[in-house]
Structure formats: structure tokens, C-alpha cells
Amino acid sequence: MENILKSLRVVTNPTQVAAGELPIAIQALDKVLTERGNELPGRLRHFLENRSYQKALVLLEGGEPEKGTCGK
């Protein structure tokens with residue numbers, strides 16, 4: 001989960017990272033979904049599949065993400 005958290009921090013705060021890190025972080029998140037998506041908790045998988053990266057970060061940091069248009 002640490003790699004997911006690190007990538008989410010890059011994606012949700014792209015102005016604070018070096019050039020080129022944003023696409024690498026997005027690719028890493030996509031790879032996690034492809035290779036281990038079934039192992040992830042349902043809500044986290046849902047947020048990553050829908051590219052709701054801020055919500056995924058809030059969830060992993062122990063918070064409660066706001067409900068979106070899908071109601072999750």
C-alpha cells in the first residue's frame with residue numbers, strides 16, 4: 001500500500017514534484033489495478049478505477065472521502 005500512497009501523493013499534488021513524475025505515478029496506479037486489483041479493498045479499487053485519486057488518498061490516510069455522483 002505504501003507504493004499506492006506515494007503515487008497518490010504525486011498525482012494529487014503535481015506542482016510539488018519533478019517533471020515527468022506525474023505520468024509515472026499514474027502508470028504505477030494503473031499497473032496496481034491491472035496486476036492486483038482483485039486484492040484491493042473494494043472502495044479503494046473503485047476510486048482508483050474511476051481515477052478519484054483524492055478520494056483514494058483520503059481513504060488510505062484514514063479519512064472518509066466525500067460521496068460523489070455515484071454515491072460511494
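The values are calculated or read from the model by the stated rules, or taken from the named source; none is laboratory data. Remember, it's a predicted structure, so these values are computed and weren't measured experimentally. Methodologically, a virtual Cβ is constructed for each residue, glycine included, from the backbone with ideal geometry; neighbour enumeration extends over all protein chains shown.
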Going through the range 3-21 in order, the residues found to be at pLDDT below 95 and among the hydrophobic types (A, V, I, L, M, F, W, C) are Val17, Ala18, Ala19
Of the residues in the range 41-72, those that are touching a helix residue (DSSP H, G or I) at 6+ places or on another chain (Cβ under 7 Å), in a loop (DSSP other than H, G, I, E, B) and at pLDDT 95 or above number 0
Here the residues within the range 45-58 that are surrounded by fewer than 19 Cβ atoms within 10 Å (Cβ to Cβ) and either among the aliphatic types (A, V, I, L, M) or over 20 Å from Lys31 (Cα atoms) (or both) are Val58
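Just checking, which of Val58, Val17, Val32 is more than 17 Å from Glu2 (Cα to Cα) and either in contact with a Cys (Cβ under 7 Å, 6 or more places away or on another chain) or hydrophobic (A, V, I, L, M, F, W, C) (or both)? Before the answer, list the steps.
Numbers: Val58 fails: more than 17 Å from Glu2 (Cα to Cα); Val32 fails: more than 17 Å from Glu2 (Cα to Cα).
Just a single option satisfies the conditions, and that option is Val17.
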Leu29 meets each of (1) in a helix (DSSP H, G or I); (2) modelled with pLDDT under 95; (3) aliphatic (A, V, I, L, M) with one exception, condition (2)
